[in-house]
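Notes for the one structure printed next.
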Amino acid sequence: MKKNKDSLLELARSTAKAAGSKPGVLSELYMTRTRTRSIAWSDGKLDMEQQSTKHGLTLRLLQNGRQGMASTQDFSPAAAQAVWAEALEALAFSQKDPDLVLPRPLTTKPLEFSDDPDLFQMTGNEVREILQNFESKIKARDPRLAKVIRAGFSEARQEWALLNSNGVAVGESSTESGFGLEVLAVENGRSEVAGRYQAKRFFRDLRPEPLIEKICEEALLSLEARSIPSGNYPTIFDPWVGCQFLELMAHSLCADQVQRGKSFFGRPEGQAVAAGTVTLVDDGLLAEGLNSSLYDDEGTPRTKTVPINSGRLEYLLYDATTAQRDKMKSTGNGGRGGFSRPPSPQPSNFYLLPSFTSPDTLFQNTEKGFLVQEVMGMHTADPISGDFSVGAQGRWIENGRPSHGVRGVTLAGNLKKMLQSIEAVANDLTWYGTIGTPTFRVSQLTVGGT
């Protein structure tokens, strides 16, 4: 594995030499190589099977506050020279930003994140047999579980290397395995769909059976679900839904969003913006974290940052340029939405710090309330005001216990006020991708029902 990392970094060195240089022009070369495989099973048959290996190269040039970029999927010396010429031409027409910078080399902690040796070991037939067995067990457990809409397995390995003219030269790799499931439950002409996914850095950490159990339970419960009277209720968030809300909060803590006035947080550093029960952590060095690495995507060492500590806003998530703009240090959160995009602040492994309280205790201390297990329309939340109104379903809580299913309701509130109203956090930290949260309870949210 280390050999693969070094080989891409060495390729980047030779590519940078082939591309060229120019006095007074800073350069950054970013190269990626990704191998993926996806297999999906649907309604008794193979739905999709594909494998791919993709390459990407981006050259970014900076001069006098201007930036020029060009990309290619060709790693040849001739392509590198063409990309250099294209980026140099783009440099002359870009808008000026005096805060544009490239990182300088910094020492890192003596850590190394290993890859998963178990990836790409199973044959396609073995994966298909596993997915087919899952389908058989799901249908056998209850006749109302009429169809497996989709059961999917995916795996990926990505290598990347970065060189810049300030002396940064880094290369790393990462791995990911994922499982997703969507089922259809039918009874008396009524049909309901439930689905979730999980992704881990190592295949051995996938736990499909508990996920299948939860999905089937929710699908069956939805068949008998009903609306509830409109009102303001204590609301408990299942980790699946909590992660969707937390993802919005993570992006609102990115420095570029705050600097552009596109975050509901504004600039109240040092002030209370959440309840004292809330500590939000971004840890780019988390052991076995899906987005853990020694360096971010522009070569700055990763760190562990606590943006909100016991309710107080203490840090934003910075890349090199946004840190320069605020006269701060980068937090190692430079990320790219694709190999051809410039870096910008992005969360790494972002989570709500758990407590020592069990989820059962949260329920027992809630006489009446709403357990949210699914929301629809999170993309409509306003990142500037924090206002949201989404479709929701889950379970009604009565006498401290979840009872009948709930559907056909809306959940409305404000993200900032919601943070200030989180009165209890459980100990069941659960990760969905790079976002993690335990079960937590908000003192009151507006539910629109009957």
Whichever residue in the stretch 217-228 is among the charged types (D, E, K, R) and touching a residue at least 24 places away in the same chain (Cβ under 8 Å) and, among such residues, is surrounded by the most Cβ atoms within 10 Å (Cβ to Cβ): 218
The stretch 144-190, subset farther than 14 Å from residue 37 by Cα and charged (D, E, K, R), residue surrounded by the most Cβ atoms within 10 Å (Cβ to Cβ): 159
Residue match in the stretch 213-231 (condition: in contact with a Ser or Thr (Cβ under 9 Å, 6 or more places away or on another chain) and either closer than 20 Å to residue 380 by Cα or among the acidic types (Asp, Glu) (or both)): no
Counted residues, the stretch 258-314 - those being of a type in the set (Ser, Thr, Tyr) and free of Cβ contacts under 8 Å to residues at least 40 places away in the same chain: 3
Which listed residue, of 339, 370, 350, is at pLDDT below 95, crowded, with 18+ Cβ neighbours inside 10 Å and aromatic (Phe, Trp, Tyr): 339
Residue in the stretch 179-201 that is more than 28 Å from the chain's Cα centre (by Cα) and charged (D, E, K, R) present: yes
Boolean, residue 182 is closer than 27 Å to residue 113 by Cα and out of contact with any Cys (no Cβ under 8 Å at 6 or more places or on another chain): no
Where residue 81 falls short, out of the listed (1) closer than 30 Å to residue 181 by Cβ; (2) in contact (Cβ under 8 Å) with a residue 24 or more places away in the chain: (1)
Residue ID - modelled with the highest pLDDT, chosen from residues in the stretch 250-272 that are in a loop (DSSP other than H, G, I, E, B) and under 23 Å from the mean Cα position of the chain (by Cα): 253
Of all residues in the stretch 229-278 being of a type in the set (Ser, Thr, Tyr) and touching a strand residue (DSSP E or B) at 6+ places or on another chain (Cβ under 9 Å), the one that is surrounded by the fewest Cβ atoms within 10 Å (Cβ to Cβ): 230
Matching residues, the stretch 199-215, being crowded, with 20+ Cβ neighbours inside 10 Å and part of a strand (DSSP E or B): 200
Count - residues of the stretch 399-416 that are modelled with pLDDT under 95 and surrounded by fewer than 17 Cβ atoms within 10 Å (Cβ to Cβ): 6
Residues that are closer than 25 Å to residue 28 by Cα and within 19 Å of the chain's Cα centre (by Cα), drawn from the stretch 289-303: 291, 292, 293, 294, 295, 296, 297, 298, 302, 303
Exclusive hit being hydrophobic (A, V, I, L, M, F, W, C), over 29 Å from the mean Cα position of the chain (by Cα) and not assigned by TED's automatic domain parsing to the domain that holds residue 288, set 80, 156, 169: 80
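The values are calculated or read from the model by the stated rules, or taken from the named source; none is laboratory data. Everything numeric here is computed off the predicted structure, so don't read it as measured data. Please note: Cβ atoms are built from the backbone with ideal geometry, for glycine as well, and neighbour counts cover all protein chains shown.
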